[in-house]
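What follows is a single structure, written as structure tokens, with notes after it.
Please treat every number below as a calculation from the coordinates, not as lab data. Predicted model, so just to flag it, every value in this text is computed and none were measured. Because the Cβ atoms are built from the backbone with ideal geometry, glycine has one as well, and the counts that use them run over all protein chains shown.
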Amino acid sequence: MTDLWFALPVGVQDAAIALALLLPALGIGAVALRGFRVGPLLRALLRRQAWISVVFTALIAVSVALGAALIAQERGLREGTARAAEKFDLVVAAPGSEITAMLAAVYLQPADVPLVDGETYAEIVAHPRAELVAPIGFGDSWQDAPVIGTTADFAAYLSGRLAEGRLFARPYEAVAGARVDLSVGETFQPAHGHGDAAQEGMHDVDYEVVGRMPMTGSPWDRALLVPIESVWEVHVLPNGHGPDWDRVPGPPFDPAHFPGTPAVLVKADSLGGTYVMQAAFTDGETMAFFPGTILARLHALMGDIREVMSILAVITQVLVTAGVLAGLTMLTRLLARRLALLRALGAPRRFVFALTWSYATTLIVLGAAIGLGLGIAATGAMSAAITARTDILVEARLGWREVHLVAGFVSLTAALALLPAWLTMNRPVMSDLRG
Amino acid sequence: MPGAALEIEGLSVRGARGRALLDVPRFAVAAGTALAVRGPSGAGKSTFLHALAGLVPAAAGAVRWDGEDIAALPEPARAAFRRRRVGFVFQEHLLFEELSAPENAAIAALYGPRAGRDAVHGRGRDRLAELGLDPGETRRSDTYSGGERQRIAVARALATDPAILLADEPTASLDRANADRLADELVRLAHEEGRTLVAVSHDPALHAVADRVIDLADGRITEDAAP
Amino acid sequence: MHRRHFLTLSAAGALAAPAALRAQAEEPLQLRRLYTDDRDFSETARSLEGDRVLFEGFMAPPLEANSTFFVLTKMPMSVCPFCETESEWPDDILAVYTKRVYRVAPFNRKIHVRGELELGPYRDPDTGFLSMVRAVNATFDYA
């Protein structure tokens, strides 16, 4: 049986779970409505209480939408942050906090970290399994865009193909990220530091933008990539090369003139090679880490929060529905005379029960369905807001998880709706009939 | 359709705090009789009618229709009794305003047994036509005049082909001409179709055409006579 | 009549066979038991190909978050499985493709992986990783 379950494709499993979650509601419905035609009276009821029905449905819809959008957002954020880190297999940095180093090197969050020296850098380059090694020198900025010192090879690796122009070939040329407000041919002057702490005019040089990267969906879309040599020079440091340098930026660097880099990106020849190099450069001198692993750990933490959020979302939805059901119970007092009339005419008590239950459940199902639709819209809006703030492309979409959440919600509240239905069933016919 | 014979024995209905609402030691009506019930307000007329339909629980006694004591039945069985044997006409027609006339007339098809649904629809339409209403009309029933609405209510009461017709002030909300017409119609249903009619009414026109009139006061029958 | 009896028996046999294998597979399968001494696939490996098999080991820290792939190693990753051998495919690791995006396990927690055994070379189109043995459609739990 379990083997059969595992043999099913993911989509079929998800659909089966959704169905299983809906089953209680369907079961209650089948039993409650058996042998009756509530349709015409249900429509009459909805028409009579049109405004109240709309308000109650809207309340349910909004609470369902918010819950679904929040959960979808968490998944979108996970996918987005993972995509942004995709190219960063292995990062070598001076020992310290892996998370700080990852946030700085992958997500370009400014941080003060110790440097990897020239000897170590040369060792990494010389490792037999190394395929691409590049310094990532952060610290400067232009307006809000981080200016990153690196190599042309890294810029090529990160962008695949440039959207426009060419890679930098001279020290004071730059490649701009897709969201940087500079076009090819324009120049900029970097400031030392970031944000409010940035000191303008400290670096009296002009960079010329010679190329633009395509959209990567990562914070690098906001970055300006420049030759690491120019960053060193701007800070009045050796430029990584000997005195007879031809001023064409890029490797090989001379360890004796290498001032250091806060992080080194490494791409090894294979997955095995990546593990080998990680092992090789994890020692007292350096730390080597997989950004993906650290991110996965953060995601696991986020997953815990999501579990709590899911529960909170369901609780909120159930509370809203409980409020709506309480409202419906009061509403049924308004309907009491018509329900009593049905009883007087000989309708079974169960028919009145079925009618009230299906009225409540119609609002619930309608609200849940509209809520899912609203959730899609809310998800899009929230994703756009997160993308605008973090530059991490978040494309959250409603998935099966949200459908499951909503299906569970429908079943739970359809069961709760039995209570007001039961209350109406037991009202005194005679006094209700008198109105 | 043979009407049903009514026999009441030692019936007592009590309200809140044990107040006696109805006290009928012995009362019988032959099948096919048109009976009018009159009395001042608060005399227990509605309670009497509801007791005949099994809508109020009896503290003691028996209400037998064709020998079956409905006071002794549990609620589901009493509902089934109403469904199968009783047609109700209320003072204020009490229709489902959002539904059309034919839908109201055939309301019993929504909760009655599946097998009888077509018959209910058919009888509802026939009765509407008999009463001078268009059985193909789809507009909401609250667009009809008061007299028309009461006729829809009569069609609804007859759609299940009941042996017993219970009416609570059926002519009260009608003008004279409509009231007279309805009173004649109800009595005709007893005389020509053999249904037992019990109509609570203070309308002298209805008393005049009924076979028998009883007076209620303080939950007791004080007068019982042919008009 | 006899024919029907025969059919019933063979149907029962067909049902019993995988059940026996499953019972056998409840003990985690040692990764080395998949190979013969000359690094060919063993009889055990070939007989279990396509079945859901239980493995035990440690999750190597994944290079990518939010993925459906990881490497199962015999020892915790502090001991690098690729370091002691020249071969691209050490015989004490297993490529695991999970059914859904998985939640990363700490590298030093022992896990039980259950997945359909796949044999033969396969190069992952995304990572370029070449694997010889895989557990696909896998799920895992802490041991």
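Observations on the model:
- Net charge contributed by nearby residues that have their C-beta within less than 12 Å of residue A:354 (K/R +1, D/E -1): +4
- Secondary structure note: in chain B, about 55% of the DSSP beta bridges are antiparallel.
- Relative contact order (%) - region A:90-289, alpha-carbon pairs under 8 angstrom, separation at least six: 33
- Restricting region A:245-305 to chymotrypsin sites (Phe, Trp or Tyr not before Pro) that sit in a DSSP loop and have at most 16 other Cβ atoms within 10 Å of their own Cβ leaves A:245.
- Over the C-alpha atoms of region A:90-289, the Rg to Rh ratio, Rh being the Kirkwood estimate, stands at 0.94.
- Residues A:406, A:184, C:53, sorted so that the one with the fewest Cβ neighbours within 10 Å comes first: A:184, C:53, A:406
- Local net charge near residue A:333, Cβ-Cβ under 10 Å (Lys/Arg +1, Asp/Glu -1): +1
- The Rg/Rh ratio for chain A, using Cα coordinates for both the radius of gyration and the Kirkwood hydrodynamic radius, is 1.21.
- Using a cutoff of 8 angstrom between alpha carbon atoms and counting only pairs six or more residues apart, the relative contact order for chain B works out to 30 percent.
- In region C:28-142, Cα pairs under 8 Å separated by at least six residues give a relative contact order of 28 percent.
- Counted over the protein assembly as shown, the DSSP beta bridges are approximately 70% antiparallel.
- Lysines whose Cα lies under 27 Å from that of residue A:267, excluding same-chain neighbours fewer than 8 positions away: A:87, C:74
- The tail of the calculated P(r) for region C:28-142, taken as Cα-Cα distances beyond 17 Å, holds 51 percent of the pairs.
- Local electrostatic count at residue A:288 - Lys and Arg +1, Asp and Glu -1, tallied over other residues with Cβ under 13 Å: -3
- Cα gyration tensor category, rounded, prolate or oblate, for region A:327-368 with a/c compared to 1.5: oblate
- The Rg/Rh ratio for region A:28-114, using Cα coordinates for both the radius of gyration and the Kirkwood hydrodynamic radius, is 1.44.
- Residues whose amide H falls under 5 Å from that of residue A:211, counting only those 5 or more places apart or on a different chain, are A:166, A:174, A:176, with hydrogens built in the peptide plane.
- Pair-distance distribution P(r) for chain B, from all Cα-Cα distances in 10 Å bins starting at 0: 8, 34, 37, 18, 3 percent.
- Mean projected area in nm² (Cα convex hull; one quarter of hull surface) for the protein assembly as shown: 52.6
- By the equivalent-ellipsoid construction on the alpha carbon gyration tensor, region A:367-435 comes out with semi-axes of 44, 13, 7 Å, ordered largest to smallest.
- Shown for chain A are the DSSP H helices of 18 Å or more along their axis, judged by Cα atoms, with a mean Kyte-Doolittle hydropathy of at least -1.0: A:10-33, A:50-85, A:291-345, A:349-390, A:400-416.
- Low-density loop cleavage sites - trypsin sites (Lys or Arg not before Pro) in region A:16-72, where at most 16 other Cβ are within 10 Å (DSSP): A:34, A:37
- Estimated 222 nm signal from helices in chain B, with DSSP H stretches of n ≥ 4 weighted -39500 (n - 2.57), rounded to 500: -10000 deg cm²/dmol
- Per-pair calculated FRET efficiency, R0 = 51 Å: residue A:388 and residue A:48 via Cβ, rounded to 0.05: 0.65
- Across region A:65-205, the convex hull enclosing all Cα atoms gives 171 Å³ per residue.
- Placing unit charges on the Cβ atoms of the charged side chains and taking the dipole of chain A about its Cα centre, the candidate lying farthest along the positive direction among A:250, A:12, A:46 is A:46.
- Equivalent ellipsoid, region B:150-227 (semi-axes from 5 times Cα gyration tensor eigenvalues, Å): 20, 15, 12
- Converting phi to 3J(HN,Hα) with the Karplus coefficients 6.51, -1.76 and 1.60 and the offset θ = phi - 60°, region A:252-266 yields x, 9, 9, x, 6, 10, 9, x, x, 9, x, 8, 10, 8, 10 Hz in sequence order, with x at every glycine or proline.
- Sorted peptide list for C:113-119, B:128-134, criterion being average Cβ within 10 angstrom, highest first: C:113-119, B:128-134
- DSSP loop trypsin sites (Lys or Arg not before Pro) with at most 13 other Cβ within 10 Å excluded, longest remaining stretch of chain B: B:20-138
- Distance between region A:232-295 and region A:86-142 - C-alpha centres, whole angstrom: 6
- For region B:1-47, convex hull of alpha carbons as volume per residue, Å³: 90
- Nonlocal amide H pairs with residue A:140, under 5 Å, H built at 1.01 Å: A:147, A:193
- Within chain A, helix-based [θ] at 222 nm, where runs of 4 or more DSSP H residues each add -39,500 (n - 2.57), nearest 500: -19000 deg cm²/dmol
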